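Comments concern the structure below.
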Amino acid sequence: MPGVKKHSTQTTAKDDPFGNGISVLQNMLSASQTYLKGMLAYTDSFYTPYLLATRYFQQAEALRLSENPPADSLEAYMGLLENNIELMTRSLNGSARMMEAYARNEADGLAEALHQGFWEFNPDKLAQFTARQAQLLDLVVNVYPKAIDAIEPEYGFHFERGEHALVDETDRFLLYRVAPSLPGVKTRSGAKPVLILPPYVLGANILSFLPGEQRSYAHSFSNQGIPTYIRILKAIDATPALQTMSGEDDALDTQRFCRTIFKAHGKGVTLNGYCQGGFNALCDLLSGKLDDLVDAFITCVSPMDGTRSKGLARFLKRLPRRFNDLAYGTKSLPNGNQVADGKLMGWVYKLKSIEQEIPAAAFYRDLMMFARQKSGDHPISKTAAALNYWLQNERNDLPLEITRISFASYNTPITRDGTLPVRLFDGKLNLKRLKEKKIPWLICYGTHDDLVEKETALAPLDHIDAEVTPFPKGHVAIATSWSFPQSACALHTRFGDGDYRGPVRFHMDLDAALDEARNQAANASRPRPSTPAVTRAGEAAPHAAEETATARKAAPKANKKSSAPKLAAKKKPTPKAKAAPAKTKKTAASRAPSAKPTGHRGRGTPG
């Protein structure tokens, strides 16, 4: 592999124990230096946010220590100490498990090398073993980071290139139309459009993961010819209007964008929120500002009731109430505005899963990734490189008011009557409004998602019906793995034992049903070609005249009785026309790869 250092291995002759011994020493020295460099780099990436957290903590406590009674402060600090001890214990256990896993993976090779070295006085295999360790460490510490940096041109939207049209903008957002990444695919202007709302913290580029490799959530729509739009945050450091943005601003800007899209295509918009963007989209919908603009809703791995989270909610509950406050993560900007620190928010997610994210555990996890590969080349996949590029670079600061909305959803549950713990425009937001507006909702979640668990994503099912689609793997698998069109759970297909619909298939079926309904309505509004058709036949014209005369003679007799029965008789064919929507649904479903009925409504959907 290019960039991998060559180490002294089995090329030394077996009958040269001195040369092999020198190779062992060289490899061990190289491996030790690389190991120390790697551990420092992994520790730095973890503890830099920790130093930020310490600074914010000191700023907040400088005020609160003087405002609270000493006894209350002592109780809060003892609770914080208990929480920190628990985190330390989990981090040590996680590090020990990963080190043990690596040791087990390499134990056989080490035992064989030591046996040959000490019993046969031949250090050849020991030279090979130490060369392998030095090479693996070089891959993790030097080659892997370079591959991550090199993937940047292929990762993300790269709006600066001008490939995607800027359609509209507000003081806070930009609206882009996503161009297809496949040659020859053209956007169908008459198709039903979709508007994607990405998460605030994790950024939008994860939804354009590797478009050149056909691994992109947004392009899985646009490559089907669907008018695909995405809402992009402006740079928060340079945009005061975004720094002070409220939930109401979010709803109004989304309303403006939906109007723009609706005017361009003449069809209702499918609103699609990913992760945190799904909860914000739900709030916008329930506020009523998107009425008559949005007629379908899709959420992917979105936290709808954070109090049901087994990981993050548990972490927040363990914190003393005094420290479960946004003041401990607030950054002051040079212009005096305050925002939530995105790096610190990302670090909180690491603390939630500290067993896997503590530096030693993360280092040995990456080491194991290469050690388990059978081939000697140790290739680095573009998927792994792009995923790590996202993890290392995509962290955005948040407006405080938007952060408070997410904070409320993780600390206050949805009420029994379906009311969210958030208010917009001084009004309640109730889930049952979606039912009143007859907006179909597809909820997608990851079966192994440890960030937004199944219970968190499916909380609305306690109050309203929705279609549910479970995807294997974790939080971003829908955007990375399953956006590939040939994958087992491709987004534009039906898949699994439940004949589940991916989000693109869900949208396409709605569009097909809408077109079918419009065609039927157009056909029904046309005058029936009864007399002209008979006249064109030529031969039947005299009979038509006779029937008309007979009908005129019979009319006076009919007037003597009530005309209601006759009117009812004439309207008998109407029920057949009303049955058309059922045929429409069946036709739309049959266009998917599998024509089985969906049947995924309600709480009992398989997980």
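Beta bridges per DSSP, both residues in the range 250-389: antiparallel share near 35 percent.
Rounded to the nearest angstrom and listed largest first, the equivalent-ellipsoid semi-axes of the range 39-181 from its Cα gyration tensor are 45, 36, 12.
Applying a threshold of 22 Å to the alpha-carbon distances of LYS263/LYS289; LYS317/LYS350; LYS267/LYS289; LYS317/LYS435; LYS352/LYS428; LYS352/LYS382 flags LYS317/LYS435; LYS352/LYS428; LYS352/LYS382 as lying beyond it.
Placing a pseudo-label 7 Å from each Cα along the Cα-to-Cβ vector at LYS428 and HIS115 gives an inter-label distance of 7.3 nm. With a cut-off of 19 Å on the backbone N, the residues of the range 105-122 near the modelled label site 7 Å out from ILE22 along Cα-Cβ are 122. Other residues lying with their Cβ under 12 Å from the Cβ of ARG188 contribute a combined charge of +1, Lys and Arg counting +1, Asp and Glu -1. Straight-distance candidates among the aspartates and glutamates for linking to LYS374, with alpha-carbon spacing under 19 Å and chain neighbours fewer than 8 residues away dropped: GLU106, ASP108, GLU112, ASP138, ASP366. Relative to one another, the C-alpha centroids of the range 43-92 and the range 236-296 are positioned 37 Å apart.
Residue by residue, the range 463-474 carries 3J(HN,Hα) couplings of 10, 9, 8, 7, 7, 10, 10, x, 10, x, 6, x Hz when phi is fed to the Karplus relation 6.51 cos²θ - 1.76 cosθ + 1.60 (θ = phi - 60°); x denotes Gly or Pro. Treating r as the C-beta distance of ARG64 and ASN523 and R0 as 56 Å, the FRET efficiency rounds to 0.20. Note on ASN335 and VAL185: their simple-model spin labels are 3.8 nm apart, each label 7 Å out from Cα toward Cβ. Summing +1 for each Lys or Arg and -1 for each Asp or Glu among the other residues whose beta-carbon sits under 14 angstrom from that of GLU154 gives -1. Just so you know, the Cα atoms of the range 217-368 work out to an Rg and Dmax of 19.0, 55 Å.
Using the Cβ-Cβ distance between GLU401 and VAL167 with R0 = 25 Å, the FRET efficiency computed as 1/(1 + (r/R0)^6) comes to roughly 0.45.
With only the Cα atoms considered, the range 145-244 has a convex hull volume of 116 Å³ per residue. Using only Cα atoms, locate the centre of the range 143-218 and the centre of the range 109-135, then give the distance between them in Å, rounded to an integer. Measuring centre to centre over Cα atoms gives 50 Å.
Look at the alpha carbon pairs under 8 Å that are at least 6 residues apart: their mean separation over the length of the range 47-182 gives a relative contact order of 8 percent. Close amide H partners of VAL294, meaning residues 5 or more places away or on another chain with modelled amide H under 5 Å apart, are VAL269. The slack between ASP417 and SER246, meaning 0.36 nm per residue of separation minus the straight C-alpha distance, is 59.0 nm. The convex hull drawn around the Cα atoms of the range 407-466, when projected onto a plane and averaged over every direction, covers 4.8 nm². Taken over the range 222-277, the ratio of Cα radius of gyration to 2.2 N^0.38 Å equals 1.31.
When the Cα convex hull of the range 315-457 is projected onto planes of every orientation, the mean area is 13.6 nm².
Here the Kirkwood formula puts the hydrodynamic radius of the range 304-380 at 15.7 Å, using every distinct Cα pair. The slack between SER45 and ALA384, meaning 0.36 nm per residue of separation minus the straight C-alpha distance, is 120.2 nm.
Rg and Dmax of the range 185-263, based on Cα coordinates, read 14.3, 40 Å. Once the other residues with Cβ under 13 Å from the Cβ of LEU80 are scored (Lys, Arg +1; Asp, Glu -1), what is the net sum? That sum, taken over residues with Cβ under 13 Å, equals -2.
Every number in this text was worked out from the coordinates using simple rules, so none of it is lab data. Just so you know, these numbers come straight off a predicted model, no measurement behind them. Cβ atoms come from the backbone with ideal geometry, glycine included; neighbour counts cover every protein chain shown.
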